[in-house]
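Student: One structure, as structure tokens, below. Some questions next.
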Amino acid sequence: MRYLSFILLFLAARAYAHTIFQRMYVDGVDQGHLAGIRVPDSNWPVMDLSSNDIICNGGVNPYHLPISQAVIEVPAGATLTAEWHPTIDNTTLDDSIRADHKGPLLAYLAHVEDPLTMNVTNLSWFKIYASGLQSGTWATDTLIANAGKVNFTIPSCIPPGAYLLRHEIIAVHTAETYPGAQFYMECAQLNITSTGSTLPPPSLSASFPGAYQSTDPGITVNITGITDYIVPGPPVFECPGSSRYLV
């Protein structure tokens, strides 16, 4: 009985350490809990880089039903806020992810014909945000300090239309060997209004699976004592003349 109790406590602690992207704000305006986000019932990470689950986390961890049919209206240039918590119902939790789960935060966009499409394979993604390790502070540390919230900007120059947003945390606290890194991601359904017409060049496009390799220095890494970390994936797309930069 004591052994069973230990196992249950161990599993509960591990589950509590995990996290789900479940709320979005547009220029500070709350879009609603689970609204427009393809949220899984499970908070367990994806660890297989070759799996289609790495796209929007909808395979082994099935989407919470009913899947949200909301499409979030976003003007180009807007500030989005993604909010993360360990359980799908965060009404009594202020936590986001356990403090020992160090790693980067990333955001990607993919232009789609229909924001409600369930076919997320063979999409061309481009990175619009990445934050890794800066002056000893991990992006996850900042997320925790901000009660599970992180801000990033939609490029002002991209064309209008339907997009999927892929927001991601990569926990690399146990990434000395592969598989070890833990990938948490969900996709949100957007309609972006814009007068722009600039899309990233092919050199900045990414496919999932495929964008990350097990040998990438940001995927298989021992973070003990490191002062520099290379965020995986392509560089962040910047509009012409933009002053945004990659952390």
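Listed here are the residues, each with its yes/no results for (1) closer than 15 Å to Tyr108 by Cβ; (2) in contact with a Phe, Trp or Tyr (Cβ under 8 Å, 6 or more places away or on another chain); (3) charged (D, E, K, R); (4) free of Cβ contacts under 8 Å to residues at least 60 places away in the same chain.
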site	(1), (2), (3), (4)
Cys187	yes, no, no, no
Ser194	no, no, no, no
Ser197	no, no, no, yes
Ser205	yes, yes, no, no
Phe208	yes, yes, no, no
Ala211	yes, yes, no, no
Asp216	no, no, yes, yes
Thr224	no, no, no, yes
Asp228	no, no, yes, no
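Student: Residues being outside any loop (DSSP other than H, G, I, E, B) and either farther than 13 Å from Ala188 by Cα or at pLDDT 95 or above (or both): count how many of those fall in the range 51-82. Working first, answer last.
Tutor: Going through the range 51-82, the residues outside any loop (DSSP other than H, G, I, E, B) turn out to be 53-56, 63, 72-75, 79-82.
So of that shortlist, the ones also either farther than 13 Å from Ala188 by Cα or at pLDDT 95 or above (or both) come out as 53-56, 72-75, 79-82.
Summing the residues that are outside any loop (DSSP other than H, G, I, E, B) and either farther than 13 Å from Ala188 by Cα or at pLDDT 95 or above (or both) in the range 51-82 gives 12.
Student: Something else about it: Name the residue that is nearest to His33 (Cα to Cα), counting only residues in the range 123-138 that are open to solvent by 10 Å² or more (accessible area, probe 1.4 Å), not hydroxyl-bearing (Ser, Thr, Tyr) and not in a strand (DSSP E or B).
Tutor: Across the range 123-138, the extreme among qualifying residues is Leu123.
Student: Among the residues of the range 142-160, what is the count of those that are open to solvent by 20 Å² or more (accessible area, probe 1.4 Å) and among the aliphatic types (A, V, I, L, M)?
Tutor: Count: 3.
Student: Can you tell me which condition Val120 does not meet? The list is (1) farther than 21 Å from Ile97 by Cβ; (2) part of a loop (DSSP other than H, G, I, E, B); (3) out of contact with any helix residue (DSSP H, G or I) (no Cβ under 6 Å at 6 or more places or on another chain), and all the others hold.
Tutor: (3)
Student: Just checking, how many residues over the range 24-48 are within 17 Å of Ala107 (Cα to Cα) and out of contact with any Asp or Glu (no Cβ under 8 Å at 6 or more places or on another chain)?
Tutor: First pass over the range 24-48, keeping only residues within 17 Å of Ala107 (Cα to Cα): 24-27, 36-39, 45-46.
Still in the running and out of contact with any Asp or Glu (no Cβ under 8 Å at 6 or more places or on another chain): 27, 36, 45.
Residues in the range 24-48 being within 17 Å of Ala107 (Cα to Cα) and out of contact with any Asp or Glu (no Cβ under 8 Å at 6 or more places or on another chain): 3 in total.
Student: Also, quick follow-up: Are there any pairs with C-beta distances below 9 angstrom linking a residue in the range 233-247 that is on the phi < 0 side of the Ramachandran plot and modelled with pLDDT under 90 to a residue that is surrounded by 13 or more Cβ atoms within 10 Å (Cβ to Cβ) and small (Gly, Ala, Ser), with the two at least 6 apart or on different chains, and if so which?
Tutor: Ser242/Ser156; Leu246/Ala130; Leu246/Ser131; Leu246/Gly132; Val247/Ala130; Val247/Ser131; Val247/Gly132; Val247/Ala139
Student: Here is a further query. Quick one: how many residues across the range 68-111 are among the hydroxyl-bearing types (Ser, Thr, Tyr), in contact with a Ser or Thr (Cβ under 8 Å, 6 or more places away or on another chain) and under 16 Å from Val29 (Cβ atoms)?
Tutor: Pass one, the range 68-111, residues among the hydroxyl-bearing types (Ser, Thr, Tyr): 68, 79, 81, 87, 91-92, 96, 108.
Those still in the list that are in contact with a Ser or Thr (Cβ under 8 Å, 6 or more places away or on another chain) too: 79, 96.
Retained after the next criterion (residues that are under 16 Å from Val29 (Cβ atoms)): 79.
The number of residues fulfilling the criteria is 1.
Student: Does the range 48-77 hold any residues that are open to solvent by less than 60 Å² (accessible area, probe 1.4 Å) and among the hydrophobic types (A, V, I, L, M, F, W, C), and which are they?
Tutor: Result: Leu49, Ile54, Ile55, Cys56, Ile67, Ala70, Val71, Ile72, Val74, Ala76.
Student: Report, by residue number, each residue of the range 16-45 that is part of a loop (DSSP other than H, G, I, E, B), surrounded by fewer than 20 Cβ atoms within 10 Å (Cβ to Cβ) and of a type in the set (Ser, Thr, Tyr).
Tutor: Hit for the range 16-45 is Ser42, nothing else.
Student: Could you grab me the full set of residues in the range 21-42 that are at pLDDT 95 or above and touching a Pro at 6+ places or on another chain (Cβ under 9 Å)?
Tutor: Val26, Asp27, Gly36
Student: Within the range 197-234, can you find the residues that are of a type in the set (Gly, Ala, Ser) and assigned to a loop (DSSP other than H, G, I, E, B)? Walk me through it before giving the result.
Tutor: Here is the first cut: in the range 197-234, the ones of a type in the set (Gly, Ala, Ser) are 197, 203, 205-207, 210-211, 214, 218, 225, 233.
Hits for the range 197-234 are Ser197, Ser207, Gly210, Ala211, Ser214, Gly218, Gly225, Gly233.
The values are calculated or read from the model by the stated rules, or taken from the named source; none is laboratory data. Here the structure is a predicted model, which is why all the values come from computation and not from measurement. As a convention, Cβ positions derive from the backbone with ideal geometry for all residues, glycine included, and neighbour counts pool all protein chains shown. Please note that ligands, DNA and RNA were not included when accessible areas were found on the heavy atoms of the full protein model with its side chains. Shrake-Rupley method; radii C 1.70, N 1.55, O 1.52, S 1.80 Å.
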